[in-house]
Structures are given as structure tokens and as C-alpha cells.
Amino acid sequence: IGDNVRMLLERPDGLYTFRLHRERVYYCSEAIIKYASNFPRKELLSFGTCFGRFTKTRKFRLHITALDFIAPYAKFKVWLKPNAEQQFLYGHNVVKSGLGRITENTPKYHGVIVYTMNDVPLGFGVAAKSTIECRATDPMALVVFHQADVGEFLRNEDALT
């Protein structure tokens with residue numbers, strides 16, 4: 001989302017912030033942080049919305065719970081045709097034949113938000129090809145690598161924390 005992260009922090013309904021707790025990054029209001037400070041860190045399970053976590057190799061992985069907050073401010077977007085939506089929700093990558101639209105000047109290997117043609121956010125992905133490369137590629141070539149989708153709630157219901 002680039003510079004648009006400022007819009008997440010300086011909202012009209014108050015100040016919001018990101019906090020690191022147990023290798024997870026949480027997004028919450030200053031008021032919730034004040035309430036959470038009354039509890040010892042060892043007993044505090046979570047607070048706010050979990051945006052993602054750091055892996056053991058110190059790489060950051062976004063969780064699908066961040067989708068509703070990030071989607072309105074995304075710089076790079078991809079819209080899927082109806083026949084490709086279900087495949088994406090099952091965890092598959094997106095091929096060019098399922099691509100409806102793509103934001104102009106989307107660079108290769110940058111994060112994208114995946115939408116339906118009706119502008120409903122479905123998940124996150126990484127652009128496998130730039131916008132220019134997408135126009136010239138064959139219909140079965142991968143254009144978006146799957147990262148996370150709203151179907152994860154159902155597939156990994158018992159493992160989500």
C-alpha cells in the first residue's frame with residue numbers, strides 16, 4: 001500500500017498503531033493498547049486485528065485478517081473472471097485466462113490484492129508478470145501467485161491463531 005499506510009494510522013475515528021507481540025503484528029486503536037497494558041505480556045494472547053506474523057527466518061507473512069484494512073488502499077490490484085474466482089479460493093495460482101483486469105504499471109513480483117469483477121476482495125497474491133508481460137503471454141501462463149484468500153478461514157479453521 002506504500003505511502004497509503006498513513007491512512008491506516010491517522011483515521012478520523014482516532015489514532016491507530018501497529019504493535020509486535022509474540023512474533024505477530026497487531027493493528028489496533030490507542031484505546032485498546034491502553035486497556036491491554038493492564039495485563040502482563042505473558043498472559044496477553046492478542047489484541048486488535050492480527051495483520052501478519054514473522055516467520056522463523058524473519059520474513060513477514062500477511063494474514064488474511066488484514067485484507068479488509070489493506071484492500072481500499074492497495075496500489076496494485078487484479079480482478080478475476082467468475083470462472084477463476086473459485087480456483088483462487090481453493091488456493092490455486094491465477095492463469096491469464098482467468099484474469100479480468102490488472103492495474104496499469106503493475107511491476108513483476110509485487111504484491112497485489114485480488115478482487116472479483118464486482119470489486120469484492122478475495123485475497124493477496126504476488127504478480128508473476130508485469131502488466132506489459134501479461135498482455136503478450138499465452139492464456140495458460142501464471143500471472144498471479146496465490147498467497148492468501150478468504151477461503152483459508154474454512155480450510156484452516158482449526159489451525160488459525
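Here, each number is a calculation from the coordinates, and none is a lab measurement. Model, not experiment: these values are computed from the prediction. When we count neighbours, we look across all protein chains shown, and the Cβ atoms used for this are built from the backbone with ideal geometry, even at glycine.
Couplings 3J(HN,Hα) of segment 2-11, computed from phi: x, 5, 5, 4, 4, 5, 6, 8, 10, 9 Hz, in residue order, whole Hz [Karplus 6.51 cos²θ - 1.76 cosθ + 1.60, θ = phi - 60°; x for Gly and Pro].
Which FRET efficiency, nearest 0.05, do residue 120 and residue 44 yield, Cβ-Cβ r, R0 45 Å? Here the calculated transfer efficiency is 0.85.
Which number gives the lysine pairs in the chain that have C-alpha atoms under 27 Å apart and are eight or more places apart or on different chains? Here the count comes out as 20. Restricting the calculation to Cα atoms, segment 2-68 shows an Rg/Rh of 0.98 when the hydrodynamic-style radius is the Kirkwood one.
Near residue 100, the amide H atoms lying under 5 Å from its own belong to 79, 80, 81; only residues 5 or more places off or on other chains count, and H is placed 1.01 Å from N. What is segment 34-121 by shape, rounded, prolate or oblate, if you read a ≥ b ≥ c off the alpha carbon gyration tensor as root eigenvalues and call it rounded for a/c under 1.5, prolate for a/b larger than b/c, and oblate otherwise? Prolate, because a/c is 1.5 or more and a/b exceeds b/c.
Gain on full extension, evaluated as 0.36 nm per residue between residue 93 and residue 58 minus their Cα-Cα distance, stands at 10.1 nm. For segment 74-155, the dipole from Cβ point charges (+1 on Lys and Arg, -1 on Asp and Glu) about the Cα centre works out to 160 debye, to the nearest 20.
Looking at the P(r) of the chain, how many percent of alpha-carbon pairs lie beyond 22 Å?
48 percent
Adding -39500 (n - 2.57) for every DSSP H run of four residues or longer, then dividing by how many residues the chain holds, sets the calculated 222 nm ellipticity at -4500 deg cm²/dmol. Extension gain, residue 33 to residue 68, is 10.5 nm, computed as 0.36 nm per intervening residue step minus the present C-alpha separation.
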